[in-house]
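Below: the structure, in structure tokens.
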Amino acid sequence: VEASIPEPQREAWTKHQVQGFTDKDGFEKEVVRHVETTLARSLYNCDEGAAYSAAALAFRDRLITNWNKTQQRQTFADSKRVYYLSLEFLMGRAMDNAMLNLGLKNVAKDGMQDLGFRIEDIIGQEHDAALGNGGLGRLAACFLDSLASLDYPAWGYGLRYRYGIFKQEIINGYQVEVPDYWLDFNPWEFPRHDVTVDIQFYGNVRKSQDENGKSVAHWEGGEIVTAVAYDVPIPGYATPSTNNLRLWSSKASSGEFDFQKFNNGDYESSVADQQRAETISAVLYPNDNLERGKELRLKQQYFWVAASLHDIVRRFKKSKRAWKEFPDQVAIQLNDTHPTLAIVELQRILVDKENLEWDEAWEIVTSTFGYTNHTVLPEALEKWSVGLFQHLLPRHLQIIYDINLFFLQSVEKKFPKDHDLLSRVSIIEESQVKMVRMAYLAIIGSHKVNGVAELHSDLIQTTIFRDFVTIFGADKFTNVTNGITPRRWLHQANPRLSELIASKTGGYDFLKDLTLLNQIEQYAGDKEFRKEWAEIKYANKVRLAKYIKSTLDVTVNPAALFDVQVKRIHEYKRQQLNIFGVIHRYLALKAMSPEERKKQLPRVSIFGGKAAPGYWMAKQIIHLINNVGAVVNNDPDIGDQLKVIFLEDYNVSKAEMIIPANDISEHISTAGTEASGTSNMKFVLNGGLIIGTCDGANIEITREVGQENIFLFGTLSEDVEDLRHQHNYSNHSIDSNLSKVFEAIQSGKFGEPNDFGAMISAVRDHGDYYLVSDDFESYLDTQKMVDTEYRNQDEWIAKCIRSVARMGFFSSDRCINEYAEGIWNVEPLVVKN
Ligand code: 7GP
């Protein structure tokens, strides 16, 4: 308020209000201005990099005018807002998305052409914003797109990592990690050096009594690190609504910069302190579905959560409302347990700083938070040692103990003398090293808990969280099946398919209401439509084939069946099952006569994905895939019949090229392990079929597209436990086809057999936890069906068209509306323009 311009001077401001370009001329003018002034270059030294920078700055200016208005509108309306807390936002590139969402891509394309550039080349200059690992981070990015597109007043809060997920290089068949320093030039963020929060760590707690004899806690000492806000505008599609993603960066607090040391000439150590502070937001932890319990990770979590809550509370306090209205103004969603400390931090703010009574505060806290679980894998469930907590966040540990005490008292009251239950649901695990179970804390501190696909939500309610269903009742638990944004994953990635669909559905409304896709089902039998569809698919495959040629120097035939599995490398996702299947195919081809071989359906097996740097087995899987490729791709007997490709450094922008080129994609996790999967949705939406297990969202995709349009195989989740048990207590037999694959690997056909000994043993000798041997035969049979059905191209394309027509359910817009209604209780703030 202090900084606002007095009434009499406002006229000048209004007169000069920035409008932003709306046509080609306006765009060109902005690009030239940025080249010449912001970048201090000219038409004599403007390369593609400079042209990208200038175009990006022009669009950034354009976004920021919308952003300002949106924020003013939201502040003025003062209605309930959503805050989405996520340690990961896997955004990918911003410019193409901004152009499309603003409806200005053609303007930019023509403008860049006038200035001497092809828009595709300019788009290709942008570095991905890769602040995430895989599904969880990309989901957060799709959610931001939907929240803005649906005009919800919503903010994302995350960390501004200096290094995103590492860049993957493949050297001699092995993954090598290279740091991803992406901030050299990032026009999509606005540093807010005036928006800072001081965050405390370590120290100790002193208790005193206030004048009424009430005990008050004081967290004292320790160290202070400053959080600085960086804002990233998030444009909605076909709406002026532009939301904010606020990312926090750490730096030494100015109070902390040790001037004493500095003045004493101890310059080096004062700089070292500074670097230590900056370490907090330096790097994204590169693990997907795995927690490693490192102190720096917990520091990241508290730093980000404390800064975000401070911001949210500051905004609420401006409205001068009573505290009990907080949950009417604020909904906070926890993207997995990473931000669970927010529950404790809000309780601390209310009790220690704002002097609310414990129960009143706790009521506010639990009404505010919702918690989304993204995995049942035990190795991914977060636990922190009590000792570490005590050291880093002593006051928070006390509050956790109190939350636990009151919770256990209430359980005891409801279920007297069930001591086993009490120890099972305690937030504190009484193990050798005492641990804080973050998921339990998240459940107890939230009013809703959701899984991300129906099977997954059922599983969490019947397995890992079943005691909590007994205690709180089933209403607290719900399902919100994941979705994807059709703007990026159809319109942006596959513009020609989007255009074809628009031509039959009367425009691009389907991008805002994806159920309108059902209008194309009637064309599944239309020859002309099928032909256009097939041409687009072919063109997308040619584009990928060119990319494969230019990066790997392998020639693939775009007429072959493109079989794609791209996702993080993980034993539960079973890339090993896929590559064993490929080896089987190779051996079978080798055993055939040349004539017979020619009759087989040509196939290109495409893999891509990163392994966590510390995940040895995942790295061996990458190594095997590359070794198999080296043999198969150079075998003159095989030719075009089979090619095996590992695409380096899979990321969001590569996904946008790869996914539209799929004929079939693989989603073959052991049943019950993949919470949802979201790439499965992207692949089908881009006109491919799935080979998959009855797991995660595959089940709902089957329900929507019809079981005749998907290739399902393998063990059902209800049978997994029994099979695992059998493996451990009786000799489990290995299918003869799989044995032959193992023999081929062990014969040294694909490089040093010792390298892959552990991978084979895991299946053959160590209980085959992921059920590769159980599912191998049905996997091969199902792949055979794929070959057969692909030969009938007319029917295949018809199936793809019908599937796309039925994918409306999987829009992240549907998903966000479900969260808004069932969990957040927020309304859109509709803009009349
Ligand atoms: C992933 C799940 O593995 C995937 O099935 C799901 O589609 C995605 O979340 C979005 O809900 N989980 C993670 O990426 C992850 O790291 C552990 O979960 C926190």
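Bear in mind that the values in this text are calculations on the coordinates, not laboratory data. Quick caveat: nothing in here was measured; it's all calculated off a predicted structure. Please note: Cβ atoms are built from the backbone with ideal geometry, for glycine as well, and neighbour counts cover all protein chains shown.
First check a/c for the stretch 220-321, with a ≥ b ≥ c the square roots of the eigenvalues of its C-alpha gyration tensor; if it is under 1.5, answer rounded, and if not, answer prolate when a/b is larger than b/c or oblate otherwise.
Verdict is prolate for the stretch 220-321.
Based on the Kirkwood radius over alpha-carbon pairs, what value in µm²/s does the Stokes-Einstein equation return for the translational diffusion coefficient of the stretch 599-743 at 10 °C and 1.306 mPa s?
90 µm²/s
Rounded, prolate or oblate for the stretch 528-677? Axes are the square roots of the Cα gyration tensor eigenvalues, ordered a ≥ b ≥ c, and the cut-off for rounded is a/c under 1.5.
Details: a/c = 1.60, a/b = 1.15, b/c = 1.38.
Since a/c reaches 1.5 but b/c is at least a/b, the shape of the stretch 528-677 is classed as oblate.
Wrap a convex hull around the Cα atoms of the stretch 112-253, take a quarter of its surface area, and give that in square nanometres.
Mean orientational projected area (the stretch 112-253, Cα hull): 15.6 nm².
Cα gyration tensor of the stretch 201-254, axes a ≥ b ≥ c as square roots of the eigenvalues: rounded (a/c below 1.5), prolate (a/b > b/c) or oblate?
oblate
Once the Cα gyration tensor of the stretch 315-387 is found, what semi-axes does its equivalent ellipsoid get, as square roots of 5 times the eigenvalues, in whole Å, sorted largest first?
27, 15, 9
Just want to confirm a number: the relative contact order over the stretch 137-247, from Cα pairs under 8 angstrom separated by 6+ residues, in percent. Please list the in-between numbers first.
Working: 178 pairs, mean separation 36.0, N = 111.
With pairs under 8 Å counted, the relative contact order is 32 percent.
Distances over 17 Å make up what percent of all Cα-Cα pairs in the stretch 35-137?
On the way: 3325 of 5253 pairs.
The proportion of pairs with Cα distances above 17 Å equals 63 percent.
Grab the eigenvalues of the alpha-carbon gyration tensor for the stretch 727-825, scale each by 5, take roots, and send me the semi-axes largest first in whole angstrom.
40, 24, 14
Plugging the Kirkwood radius over Cα pairs into Stokes-Einstein for the stretch 397-486, at a temperature of 20 °C and a viscosity of 1.002 mPa s, what D comes out in µm²/s?
It comes out at roughly 151 µm²/s.
Over the Cα atoms of the stretch 272-407, compute the convex hull volume and normalise it per residue, giving Å³.
For the stretch 272-407, the hull spanned by Cα atoms encloses 131 Å³ per residue.
Report the dimensions of the stretch 423-533 along its three principal axes from the alpha-carbon atoms, largest first, rounded to Å.
The principal-axis extents, from largest down, are 68, 26, 22 Å.
I'd like to verify something in the chain: which complete DSSP H helices, judged by Cα projection on the helix axis, reach 30 Å or more and average at least -1.0 on the Kyte-Doolittle scale?
48-77, 295-318, 394-414, 527-552
Anything over 25 Å Cα to Cα? Flag those among Lys299/Lys320; Lys567/Lys619; Lys610/Lys740; Lys299/Lys619, in the order listed.
Details: Lys299/Lys320 32 Å; Lys567/Lys619 14 Å; Lys610/Lys740 28 Å; Lys299/Lys619 28 Å.
Pairs exceeding the cut-off: Lys299/Lys320; Lys610/Lys740; Lys299/Lys619.
Using the eigenvalues of the Cα gyration tensor, what equivalent ellipsoid semi-axes result for the chain when each is taken as the square root of five times the eigenvalue, whole Å, largest first?
Ellipsoid semi-axes (Å, largest first): 44, 36, 26.
Under the rule of -39500 (n - 2.57) per DSSP H run of 4 or more residues, summed and divided by the residues of the chain, what mean residue ellipticity at 222 nm is obtained, to the nearest 500 deg cm²/dmol?
Computed ellipticity for the chain at 222 nm equals -14000 deg cm²/dmol.
If all Cα-Cα distances of the stretch 682-768 are sorted into 5 Å bins from 0 onward, what percent lands in each bin, rounded to whole numbers?
Per 5 Å bin, starting at 0, the Cα pair percentages come out as 3, 11, 16, 14, 13, 14, 16, 10, 3, 0.
Once the principal axes of the Cα atoms of the stretch 580-643 are found, what is the range along each, listed largest first in whole angstroms?
46, 18, 17
Across the stretch 729-768, how large is the tail of the calculated P(r) beyond 13 Å, expressed as a percent of all Cα pairs? If you can, show how the numbers build up before the last one.
Working: 404 of 780 pairs.
Tail of the P(r) past 13 Å holds 52 percent of the pairs.
Quick one: P(r) of the stretch 1-88 from all Cα-Cα pairs, 5 Å bins, percents rounded to integers, in order of increasing distance.
Spelled out per bin, shortest first, that is 3, 11, 14, 16, 15, 13, 13, 10, 4, 1, 0.
Against the globular-protein guess of 2.2 N^0.38 Å, express the Cα radius of gyration of the stretch 128-175 as a ratio, rounded to two decimals.
1.54
Enumerate the calculated ³J(HN,Hα) couplings along the stretch 381-389 in order (Karplus 6.51 cos²θ - 1.76 cosθ + 1.60, θ = phi - 60°), each rounded to whole Hz, writing x wherever the residue is Gly or Pro.
6, 6, 9, 10, 6, 4, x, 5, 4
In the chain, which longest range has no trypsin sites (Lys or Arg not before Pro) that are both DSSP loop (not H, G, I, E or B) and surrounded by at most 13 other Cβ atoms within 10 Å?
418-831
Just the Cα atoms of the stretch 678-731, one point each, no solvent: what log10 I(q)/I(0) does Debye give at q = 0.17, 0.30, 0.31 Å⁻¹?
These q points yield log10 I(q)/I(0) values of -0.58, -1.20, -1.26.
Please figure out what share of the DSSP beta bridges in the chain is antiparallel and state it in percent, rounded to the nearest 5.
Working: 40 of 86 bridges.
Around 45 percent antiparallel, to the nearest 5.
Can you list residues from other chains, or at least 5 along the same chain, whose modelled amide H is less than 5 Å from the amide H of Gly156?
Under 5 Å from the amide H of Gly156 lie the amide H atoms of Tyr84, Asn244, Leu245, Arg246, each far enough along the sequence or on another chain.
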